[in-house]
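Below: the structure, in structure tokens.
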Amino acid sequence: MTQPDWPPTTVGQADSNPLTDSVIRAAVNDAIRQTSYRDDSPVPAIGTNPPVPQPGRPPMSQRATDASTLMLTGGAASLMVGGAASLVMVSSGYADPVVCALVFGAPTALVLAIGRLARSAKDVLPAEHHHHYKGTVNQDQRNVHHHNRWFGKSTTNL
């Protein structure tokens with residue numbers, strides 16, 4: 001690799017100090033060498049040790065994670081509904097607790113009914129099928145047209 005003339009000489013600077021030029025050239029080369037570093041050490045192999053639990057929620061299955069999230073959001077929603085009901089009863093000195101229970105309990109009953117309907121509708125959906133093949137797969141997509149004629153007693157298959 002050829003080294004560029006560093007620093008470039010300008011007109012009237014023909015008698016530059018060679019010691020200064022070599023010091024500057026060495027500093028530039030050292031800076032280039034220090035900014036480009038590649039770690040060629042091998043990456044450690046993955047062992048048989050179990051994973052270390054991280055801070056936060058404990059490790060669990062996806063279904064358990066979904067269920068715990070659902071329980072947390074349900075608890076927060078019930079806290080908000082209960083707080084709103086108590087706020088209405090406190091702010092109006094003559095609120096009937098039965099009427100408040102009906103008004104604030106109706107959305108809960110509606111959510112439970114929709115959940116039951118969705119659970120029963122899940123069984124209506126067809127099962128999901130996955131097919132795994134090895135090798136070449138050929139799909140045959142022929143259509144068969146069948147004609148029967150009763151009086152002429154003829155059958156045609158196309």
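The values are calculated or read from the model by the stated rules, or taken from the named source; none is laboratory data. Everything numeric here is computed off the predicted structure, so don't read it as measured data. A quick note on method: Cβ atoms are made from the backbone with ideal geometry, for glycine too, and the neighbour counts reach across all protein chains shown. Just the protein is used for accessible areas: all its heavy atoms, side chains included, with ligands, DNA and RNA removed. Shrake-Rupley method; radii C 1.70, N 1.55, O 1.52, S 1.80 Å.
The stretch between residue 41 and residue 130 holds 27.8 nm of extra length on full extension. This uses 0.36 nm per residue minus the Cα-Cα distance.
Annotation note: trypsin sites (Lys or Arg not before Pro) in the stretch 23-74 located in DSSP loop regions with a Cβ neighbour count of at most 11 within 10 Å are 38. Computed 3J(HN,Hα) for the stretch 88-103, one whole-Hz value per residue from the Karplus formula 6.51 cos²θ - 1.76 cosθ + 1.60 where θ = phi - 60°, is 5, 5, 6, 5, 9, x, 10, 6, 7, x, 5, 5, 4, 5, 5, 5, glycine and proline marked x. Annotation for the stretch 90-138 versus the stretch 26-70: alpha-carbon center distance of 39 Å. On a per residue basis, the convex hull of the C-alpha atoms belonging to the stretch 43-151 measures out at 321 Å³.
Two numbers describe the Cα atoms of the stretch 30-100: Rg and Dmax, which are 27.9, 84 Å.
Within the full protein context, the accessible area of residue 66 is estimated at about 80 Å² for a probe radius of 1.4 Å. Solvent-accessible surface of protein heavy atoms, probed at 1.4 angstrom with all chains present, puts 133, 94 in the order 94, 133, largest first. Each Lys and Arg contributes +1 and each Asp and Glu -1, all at the Cβ; summed about the Cα centre of the stretch 29-85, the dipole is approximately 180 debye. The trypsin sites (Lys or Arg not before Pro) of the stretch 94-135 meeting both criteria, a DSSP state outside H, G, I, E and B (loop) and at most 10 other C-beta atoms within 10 angstrom of the site's C-beta, are 134.
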